[in-house]
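The values are calculated or read from the model by the stated rules, or taken from the named source; none is laboratory data. Remember, predicted model here, so these are calculated numbers, not experimental data. When we count neighbours, we look across all protein chains shown, and the Cβ atoms used for this are built from the backbone with ideal geometry, even at glycine. Areas reflect the complete protein model, heavy atoms only, side chains present, ligands, DNA and RNA absent. Shrake-Rupley method; radii C 1.70, N 1.55, O 1.52, S 1.80 Å.
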Amino acid sequence: MLKEQVETLIGPSGQGFEAARTALRGDAVRTPLLPFRSGDGRAIRIKAECLQPYGSFKIRAASNVLAGYSPEALRRGIVCPSAGNFGQGLAYAASRRGVPMTVHAPQNAAEVKLQVMRSLGATVVVHPFDQWWDIMCARSAGAGEELFVHPVCEPGVIIGNGTIGLELVEDWPDFDTVVVPFGGGGLICGIALALRSIGHRARVIACEVETAAPLAAAMGAGGPVTIERVSSFVDGIGSTRVLDDMWPLLRELVDDVVTMSVEEAEQGVRLAAQQSHLIVEGAAGVCLSAALAEAARGGRVVAILSGGNIDHQQLCGILQGRGRAVGARRHEVR
């Protein structure tokens, strides 16, 4: 159902992505595609979505999904589950439109993200992770008249994220690989669909942290399976299961899955700061390390640095740590 809804909104010539560009204008910015020294002769560039307002690509999805509702519907208010970045983006877009909002967040969400949502006027309700995940899967936070906005399984979310793909092709037409952090799949599916809509044939690689890698498990099993999850500072990605609604898109669009260790995520955070002077969070650190790894392959690789909302004490500790060699485990899909 979701797959068909997304494809209908995109349209036969990809006009849905162009409409999304218009919808998010004024909220999101066009982020730079910056060169990064790989050390092995490959050309690597980083898409600095950490420079978006409130530090995440999620502002694209949030602005686009709100554009799909009438003013009358929005007056009822909105509610969403979020580990932080989508909640921040949606709170920002909602505050600019005078829309009341409630965010349901998991206990492992970074406090800096929760503080920003509250500062933007959102009501924040924190749950144990399992209860929060139940809200994500049920697509409901209980009785209420507010609009429920899912951070992943919304056509408008996926298409808003896909505007990144259009910018990549305009800025570097001949890249051959894009590495994308995998949280729920809205980002990677949006980018892959945008590339497909304009006939671009880059390989699309998902990256996960090995303490919570449900996509790698699903690819290995041929469908979503429940896995054990270990909490870490990488709070923007990593759950216990691939969402069933997203699986048909993921199965079709993702070429490989690369898993990285928590130590490699830390190394990616350090490298972004040391070489590119960018503050990034754990999910982006995973992506940069994955792009540098041999498992990413490709000679012209883009890494999506999805966000920069990291706890300041955590960041200081990582920057003071020692670097480790970057490696990876790749799960071939096709």
Candidates G26, G41, G11, G77, filtered to the one that is over 19 Å from the mean Cα position of the chain (by Cα) and under 18 Å from M101 (Cβ atoms): G77
Filter pass, A110 being touching a helix residue (DSSP H, G or I) at 6+ places or on another chain (Cβ under 9 Å) and open to solvent by 10 Å² or more (accessible area, probe 1.4 Å): yes
Answer residue from region 262-313, given it is out of contact with any strand residue (DSSP E or B) (no Cβ under 9 Å at 6 or more places or on another chain) and of a type in the set (D, E, K, R) and is nearest to Y54 (Cα to Cα) among those: D311
Condition check for G41: of a type outside the set (A, V, I, L, M, F, W, C), outside any strand (DSSP E or B) and either at pLDDT 95 or above or touching a Leu at 6+ places or on another chain (Cβ under 7 Å) (or both): no
G89 vs. criteria touching a residue at least 24 places away in the same chain (Cβ under 8 Å) and not charged (D, E, K, R): yes
Residue selected from region 75-94 under the condition of a type outside the set (A, V, I, L, M, F, W, C) and farther than 27 Å from Q313 by Cβ, by the criterion least open to solvent (accessible area, probe 1.4 Å): G77
Residue ID - surrounded by the fewest Cβ atoms within 10 Å (Cβ to Cβ), chosen from residues in region 209-235 that are of a type in the set (G, A, S) and assigned to a loop (DSSP other than H, G, I, E, B): G222
Those residues of region 29-38 which are outside any strand (DSSP E or B) and more than 20 Å from the chain's Cα centre (by Cα), in sequence order: R37, S38
Residues within region 120-157 that are outside any loop (DSSP other than H, G, I, E, B), among the small types (G, A, S) and surrounded by fewer than 17 Cβ atoms within 10 Å (Cβ to Cβ), tallied: 1
So A273, is it open to solvent by 10 Å² or more (accessible area, probe 1.4 Å), at pLDDT 95 or above, in a helix (DSSP H, G or I) and small (G, A, S): yes
Residue selected from region 183-201 under the condition touching a residue at least 60 places away in the same chain (Cβ under 8 Å) and assigned to a loop (DSSP other than H, G, I, E, B), by the criterion surrounded by the fewest Cβ atoms within 10 Å (Cβ to Cβ): I198
Of residues in region 18-47 being touching a Pro at 6+ places or on another chain (Cβ under 9 Å) and closer than 17 Å to F86 by Cα, the one most open to solvent (accessible area, probe 1.4 Å): V29
Only listed residue being open to solvent by 10 Å² or more (accessible area, probe 1.4 Å), over 20 Å from the mean Cα position of the chain (by Cα) and not basic (K, R), chosen from P71, P53: P71
Criterion (more than 28 Å from A194 (Cβ to Cβ) and under 19 Å from the mean Cα position of the chain (by Cα)) met by exactly one of A110, A61: A110
